[in-house]
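Working notes, beginning with the structure itself.
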């Protein structure tokens with residue numbers, strides 16, 4: 001082989017090796033940065049889930065206390081419905097329920113951005129995806145319950161209470177509406193329980209891998 005060809009081949013080999021080394025170094029650096037970012041994300045998620053567990057526990061306690069008053073008409077016979085005093089009926093509307101307003105949004109942002117792949121643990125990724133899905137359900141269930149309460153139940157209650165007297169038809173109509181509200185409210189509470197269990201499971205995984 002001519003000397004010039006040998007030199008060119010040697011130069012080519014050096015260039016190829018240099019390119020491979022550069023790519024390897026870039027891949028190593030990228031992987032290192034991804035793991036650093038993952039550690040930071042995990043630290044943020046621990047704080048976020050600790051806060052959300054506290055909020056959910058408080059909301060569920062509030063809702064457990066509110067439900068009996070909200071459901072005072074639920075399942076009553078017609079005779080029992082007619083026997084209720086105006087004060088008993090009005091008392092159901094003093095019950096305030098909680099719809100869960102999550103703390104921060106690290107997980108939701110991670111899932112929606114498509115960067116959840118930064119979390120190397122597949123089991124954790126699946127749990128985070130479930131959390132994000134339950135949060136979307138939360139939004140829908142809360143919206144349904146709030147809209148029905150404000151658009152259907154409260155106007156009916158206000159119209160019936162305007163004269164201080166509750167007719168038989170007004171009581172029956174309110175019973176139908178509040179029964180539907182309770183079904184929507186129970187969806188909210190069921191979702192909150194699922195969120196709480198999922199948050200507790202995720203926090204265990206995060207702490208074990210910290």
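For residue 146 and residue 126 in one chain, what is 0.36 nm times their gap in residues minus the Cα-Cα distance, to one decimal in nm?
Working: separation 20, 0.36 × 20 = 7.20 nm, distance 3.02 nm.
Length gained between residue 146 and residue 126: 4.2 nm.
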Could you tell me the extents of region 151-210's C-alpha atoms along the three principal axes, largest first, rounded to whole Å? 63, 16, 15
Run through every distinct alpha carbon pair of region 34-107 and return the Kirkwood hydrodynamic radius in angstroms, one decimal place. 15.5 Å
hull vol. (C-alpha, convex hull) per residue for region 38-208, Å³ -> 107 Å³
Take the alpha-carbon centre of region 128-206, take the same for region 53-89, and report the distance between them in whole Å. 12 Å
Using 7 Å Cα-to-Cβ label points, what is the residue 90/residue 165 separation (nm, one decimal)? 1.7 nm
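Any read-out appearing in this document is the output of simple, stated calculations on the displayed coordinates, not a laboratory observation. A quick note: this is a predicted structure, and the numbers were derived from the prediction, not measured. Glycine gets a Cβ as well: all are built from the backbone with ideal geometry, and neighbour counts include every protein chain shown.
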